[in-house]
Structures are given as structure tokens and as C-alpha cells.
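J.: What follows is a single structure, and I will ask about it in a moment.
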Amino acid sequence: MEEESKTLPTKDNFSEWYNELLMMAQIMDVRYPIKGVYVWYPFGYSIRKKVYNMLRALLDVDHQECQFPMLIPKPELLKESEHIKGFEDEVYWVTHGGLTELEVPLALRPTSETAIYPMYKLWIRSHADLPLKLYQIVNIFRYETKHTRPLIRLREVTSFKEAHTAHATREDAVRQCVEAMDLYGEFFTKLAVPYMINKRPDWDKFPGADYTMAFDTMMPDGKSLQIGTVHMLGTKFAKTFEITFENDKGEREYVNQTCYGISERCIAAVIGIHGDNKGLILPPNTSPTQIVIIPIVFKKEEEAVKQACGNVKAILDAAGIATTIDFADERPGAKYYKWEMKGLPFRIEIGPRDIKNNAVMLVRRDGRKESVSMDGLAETIRGKLMDFQAELLQKAGDSMLARIKDCATLDEAKLQVEGGWARMSWCGEKACGLEMENVVNCKLLGEPQGVTGAGRCPICGKPTDRVIMMARSY
Ligand code: A5A
Ligand code: ZN
């Protein structure tokens, strides 16, 4: 695969840095000739595999994976009025089979409620069938009109994980939302991505939901990125699609439902938050390979160095630490550059002097360098990988918190959203909320979970204890 010979723009130029990095580190090729549609390179896809295996493992504890069709008949998609109102501008339509116009146009799923729930109607009969917790990882299509960006805002989302659950009672469904939030919290922690959970304002919730809880993270430019959402659906879809169960008194009742989703945006967050001017920095959990060994070879000791490298790889691989050796015929400096760009957490340099010292030279991706003894090597490295992972999360979390500020006036908020998020009082009225968005030129992310504070609405002046998070957003 051809290498780009460009240099990476500095990260303070975030948009350019991001786009260039995706190509240079071979994550996504952005040259596919459809707007908003991109191609995974094998290296990018290996990160995707690693990340989604973690997500699968978390879900598989008490969900079942399945797969529904990508095509949705038009009448099904139109059934739930709020849902279709939210998505009608974004749907791609299949209207022909060959030259024949289809009698029933088919939508490419923009999300799968209307593909899945007609089947739930058939599958759910009695309370013994509940709760039902299914998920699928599929591609979806949305004709996005906002600025498209690889991994962030796609017209073909390739890695859409959507879970759909059905429950006997509203309480059970509410509890499921909490469990889903816990699960997502655990997932993002594994990715070393800090987040806040915000309850979206009513006018910005998922079309057809009772309410939406969103996971938001902060990108380096201070803008917010919605990296996951949990929706309480209540009985709205159940009523539309007639999904009922027989309760233990023999009566038919509507199920209560939830759904929650994550896309490859979570990988954009990892890349954006942790990378630096040299390229990607992958938290060890997300990296397909944790360690690259670089032989520091001088002609007469070549064999000994090669052997030592193989020996170290064997030790680390046996301990479950994925390791590769770069034997390419290049100068060590060129190899450092290449693997730093790809964000491997650690590199190990082995030369004749290290062999003599019964040690290896360990260099963390953030530049920290130390000699590590061959005695207990795998254990030492394992510990250091865990430290590195924890430090990345800590640093990112600190940096995000430091850029969230309580603001008393709209002027103050306006300044604050230039490079971070503003927290303000809000009376809860839509008119006031929209006016705040207008004046500050930002988005109301919503009410941060569990946070209140006495104050006054900056628009109407009413005393309130509700607070709202405000940000520019992707
Ligand atoms: N059925 C529910 C789960 C649903 O569709 N929810 S959602 O619309 O909020 O999408 C779930 C998550 O997918 C979002 O939180 C966002 O992180 C991601 N997402 C949505 N549209 C996207 C797009 N065009 N490109 C990339 N990611 C997207
Ligand atoms: Zn108000």
C-alpha cells in the first residue's frame, strides 16, 4: 500500500490534522467518490475490530446479537409519525429493481426501529418472552446535510451498533436505560475516552423517544461530539407496531421499549482526543498491536540482535501482549516515525548494548524512555501498559473538566464556547433554550445527569435549580 510523503499538520489545526492523519496512519481513505462515504484501510479496520470486540463482549453478557434486513418497506418506515418526521429528510430510497419501478419503494435503513419492531410483534407473545434484548452491528444510511467528516458524520455509517429491548413494565425499561448507560460508561472508559451524560432537550431527542440520554465528549478544539445515545421509547412504538404480551392475568399489554446506539464516532473520539503532532496515540486496549520491536543492528552483531528480538517477541506474545518486529531494511529513525504515526503504545529497541545489560529499551508513545530488565519482562510491560492506559484517560478527563465552566451571563458563555463548554442555569422553557442557543451560537447539550444548582434563567430571569450544558458541536 502506497505511503504518503506529506507531513502532518500540527494538532492545533485540528480539522486539517484529523483529515491528514486518517490518510497518513491509514485509518480511512477519504478519496472514495461519494460524499460522506469512506473506505476502511486494513490498519483502521484492525482498530475497529479491536474496539468492537470489546463492545460485543460487554453486550454479550445479557444481550443477543442478531441481524435484520437493510431494506425497509415504505409503509413500515412511515408508520410512526414522529419517527418519520425526524428522518424523512435523511432517507435514501430504492425505487427500482433493474428497469422496473418497485410497487413498494424500499428505504435503506437510517436506523432499524421500523425493520425490527414488526418482527417483535410476531416474536413477543407472553411475559415469558420478556425482557427481550437484541443488538446488531450493521451499516446504516443517512443523507446528512451538515458537513460530513470521516468517522464523525457519515452518510454510510458502517459500524452502527444498535440495541433494542422490550420489557413488561415502564420501570423495567427505565432500569434498562440505566444499565445501558453503565455499559456505555464502561466501554468508553476502556477506550480512555472521558464523557458526560446529558439529557437532551425535548426538541433534540431521538424522533419517537420519550427522552434521550446522550454521551458527549470534548474534542481538542472544545467542540462536543455525541458518541452514544440511550433512548427511552416507552410504549409509543409498541402502540404503532402493536407489540403486546399477555401478562400473568391473561390480559394483553403493550411492551415498554428502549434502544441505544454507538457508531465509529467512538473511534474518532479516541483518535481526536489522544493523538499528537506525531500522529495517532492508541490506548493499549484499542491498539491491534501493543508493541513494536525495533532491532538496532550493527553488521557484526546482526544475528545476536535478531535472535534477542525474536526471543522478546515470544515472551510477550506468550503473555498475551500483541507484539511485532520491524525487520524492514530502513533506518531506525524511519521506523520510529512510521510506528509513532500509527500510534502503537510502546516500542522496544534492542541493540548489542541492551543484550549485554540483559535489558531492553522501552519507549512509550508519549516519549518517556527507560531501560527495562529482561527479568520478569512480560509482567513489567503489562503493568506499564496498564499505567499508560490509565494515564491517558486521566489526562484527557482532566483536560475536559478544565474546559467546562459555570457561566453567569450569556456574554461569558459566548466566550467560553470558543474553546470549551459552558454550564448555565435554565428555566426549562423551550423558548428560553432556543434563545440561548441563538445568542451564544451553540447547542444546548442538555441537562447534565445529576447536576443542579440554584440560579436564574439568563433569558426570562426566573429562579431555577436546573442547569444546562452548552457547546459548539460536531
Ligand atoms: N436507534 C437509535 C439507537 C439511534 O439511531 N440513535 S442515534 O440516532 O442517536 O444514533 C446513535 C449514535 O450513532 C449517535 O449517538 C451517534 O454517536 C452515532 N451517529 C448517528 N448518526 C451518525 C452519522 N451520520 N455518522 C456517524 N455516527 C453517527
Ligand atoms: Zn427562562
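The values are calculated or read from the model by the stated rules, or taken from the named source; none is laboratory data. Keep in mind the model is a prediction, meaning the values are calculated, not measured. Don't worry about glycine lacking a Cβ; one is built from the backbone with ideal geometry, like all the others, and counts go over all protein chains shown. Areas reflect the complete protein model, heavy atoms only, side chains present, ligands, DNA and RNA absent. Shrake-Rupley method; radii C 1.70, N 1.55, O 1.52, S 1.80 Å.
J.: Which one is modelled with the highest pLDDT, of the residues in the range 449-465 that are of a type outside the set (A, V, I, L, M, F, W, C) and under 16 Å from MET213 (Cα atoms)? Even if it seems obvious, please write down each step before you answer.
T.: The first filter runs over the range 449-465 and keeps only residues of a type outside the set (A, V, I, L, M, F, W, C), leaving 449-450, 452-453, 455-456, 458, 461-465.
Narrowing the set further to residues that are under 16 Å from MET213 (Cα atoms) leaves 449-450.
Details: GLN449: 92, GLY450: 89.
Of everything passing the filter in the range 449-465, GLN449 is modelled with the highest pLDDT.
J.: Against the conditions (1) acidic (Asp, Glu); (2) within 30 Å of GLN136 (Cβ to Cβ); (3) over 28 Å from the mean Cα position of the chain (by Cα); (4) open to solvent by less than 50 Å² (accessible area, probe 1.4 Å), where does GLU253 fall short? Just the number, please.
T.: (4)
J.: Is it true that VAL467 is within 17 Å of LYS199 (Cα to Cα), out of contact with any helix residue (DSSP H, G or I) (no Cβ under 8 Å at 6 or more places or on another chain), within 15 Å of ligand 2 (Cβ to nearest atom) and aliphatic (A, V, I, L, M)? Even if it seems obvious, please write down each step before you answer.
T.: Values: within 17 Å of LYS199 (Cα to Cα): yes; out of contact with any helix residue (DSSP H, G or I) (no Cβ under 8 Å at 6 or more places or on another chain): yes; within 15 Å of ligand 2 (Cβ to nearest atom): yes; aliphatic (A, V, I, L, M): yes.
Yes; evaluated as a whole, the condition is true for this residue.
J.: I've got another one for you. Can you name the strands (runs of 3 or more DSSP E) wholly within the range 191-238 that have at least 1 residues being away from ligand 2 (no atom under 16 Å from the Cβ) and closer than 18 Å to HIS164 by Cβ? Working first, answer last.
T.: Working: elements: 196-199, 211-218, 224-234.
Output list reads 211-218, 224-234.
J.: Which residue, of ALA431, ALA408, is part of a loop (DSSP other than H, G, I, E, B) and open to solvent by 50 Å² or more (accessible area, probe 1.4 Å)?
T.: Details: ALA431 fails: part of a loop (DSSP other than H, G, I, E, B).
Step by step, each of ALA431, ALA408 is checked, and only ALA408 is part of a loop (DSSP other than H, G, I, E, B) and open to solvent by 50 Å² or more (accessible area, probe 1.4 Å).
J.: Then there is this: Considering only the range 201-216, I want to know if a residue exists there that is more than 13 Å from ligand 1 (Cβ to nearest atom) and surrounded by fewer than 18 Cβ atoms within 10 Å (Cβ to Cβ).
T.: First, the residues of the range 201-216 that are more than 13 Å from ligand 1 (Cβ to nearest atom): 201-203, 210.
Checking which are surrounded by fewer than 18 Cβ atoms within 10 Å (Cβ to Cβ) leaves us with 202-203.
Yes.
J.: Follow-up. Suppose we keep only residues that are touching a residue at least 60 places away in the same chain (Cβ under 8 Å) and surrounded by fewer than 19 Cβ atoms within 10 Å (Cβ to Cβ) within the range 434-456. Which one would you say is farthest from the chain's Cα centre (by Cα)? Full working, then the answer.
T.: Of all residues in the range 434-456, those touching a residue at least 60 places away in the same chain (Cβ under 8 Å) come to 434, 443-449.
From what's left, surrounded by fewer than 19 Cβ atoms within 10 Å (Cβ to Cβ): 434, 448-449.
Details: LEU434: 28, PRO448: 19, GLN449: 19 Å.
Filtering first and then ranking leaves LEU434.
J.: Taking the condition farther than 23 Å from LEU183 by Cα and more than 11 Å from ligand 1 (Cβ to nearest atom), does ILE273 pass?
T.: Details: farther than 23 Å from LEU183 by Cα: no; more than 11 Å from ligand 1 (Cβ to nearest atom): yes.
Taking the combined requirement at face value, the residue does not satisfy it.
J.: Would you confirm whether or not the range 109-124 contains a residue that is part of a loop (DSSP other than H, G, I, E, B), touching a residue at least 60 places away in the same chain (Cβ under 8 Å) and surrounded by fewer than 17 Cβ atoms within 10 Å (Cβ to Cβ)?
T.: From the range 109-124, those part of a loop (DSSP other than H, G, I, E, B) are 109-112, 124; that's our starting set.
Still in the list and also touching a residue at least 60 places away in the same chain (Cβ under 8 Å): 111, 124.
Now narrow it down to the ones that are surrounded by fewer than 17 Cβ atoms within 10 Å (Cβ to Cβ): none.
Within the range 109-124 (the criterion being part of a loop (DSSP other than H, G, I, E, B), touching a residue at least 60 places away in the same chain (Cβ under 8 Å) and surrounded by fewer than 17 Cβ atoms within 10 Å (Cβ to Cβ)), the answer is no, since none of the residues qualifies.
J.: Collect the residues in the range 433-457 that are within 16 Å of ligand 2 (Cβ to nearest atom) and either more than 14 Å from VAL417 (Cβ to Cβ) or basic (Lys, Arg) (or both), keeping them in residue-number order. Write out each step before concluding.
T.: Our first condition is that a residue be within 16 Å of ligand 2 (Cβ to nearest atom); within the range 433-457, this holds for 433-440, 444, 446-447, 452-457.
Hits for the range 433-457 are GLY433, LEU434, GLU435, GLY446, GLU447, THR452, GLY453, ALA454, GLY455, ARG456, CYS457.
J.: Return the total of residues in the range 155-178 being open to solvent by 10 Å² or more (accessible area, probe 1.4 Å) and either near ligand 1 (Cβ under 9 Å from one of its atoms) or closer than 23 Å to LYS50 by Cα (or both).
T.: Residues flagged as open to solvent by 10 Å² or more (accessible area, probe 1.4 Å) and either near ligand 1 (Cβ under 9 Å from one of its atoms) or closer than 23 Å to LYS50 by Cα (or both) within the range 155-178 amount to 5.
Let's see how each residue does on (1) without any contact (Cβ under 8 Å) to a residue 24 or more places away in the chain; (2) open to solvent by 10 Å² or more (accessible area, probe 1.4 Å); (3) of a type in the set (S, T, N, Q):
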position	(1), (2), (3)
ILE350	no, no, no
LYS356	yes, yes, no
VAL360	no, no, no
ASP366	no, yes, no
LYS369	yes, yes, no
ASP375	yes, yes, no
GLY383	yes, yes, no
MET386	no, yes, no
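J.: Condition first: exposed (fewer than 13 other Cβ atoms within 10 Å of the Cβ) and touching a residue at least 40 places away in the same chain (Cβ under 8 Å). Now tell me which residues in the range 296-320 satisfy that.
T.: PHE298, ALA318
J.: Can you tell me how many residues in the range 45-91 are without any contact (Cβ under 8 Å) to a residue 60 or more places away in the chain and of a type in the set (Asp, Glu)? If you could, list the steps in order and put the result at the bottom.
T.: Looking only at the range 45-91, we keep the residues that are without any contact (Cβ under 8 Å) to a residue 60 or more places away in the chain, and these are 45, 53, 57, 60-61, 69, 71-78, 81, 88-91.
Next cut, of a type in the set (Asp, Glu) only: 60, 76, 88-90.
Matching residues across the range 45-91 total 5.
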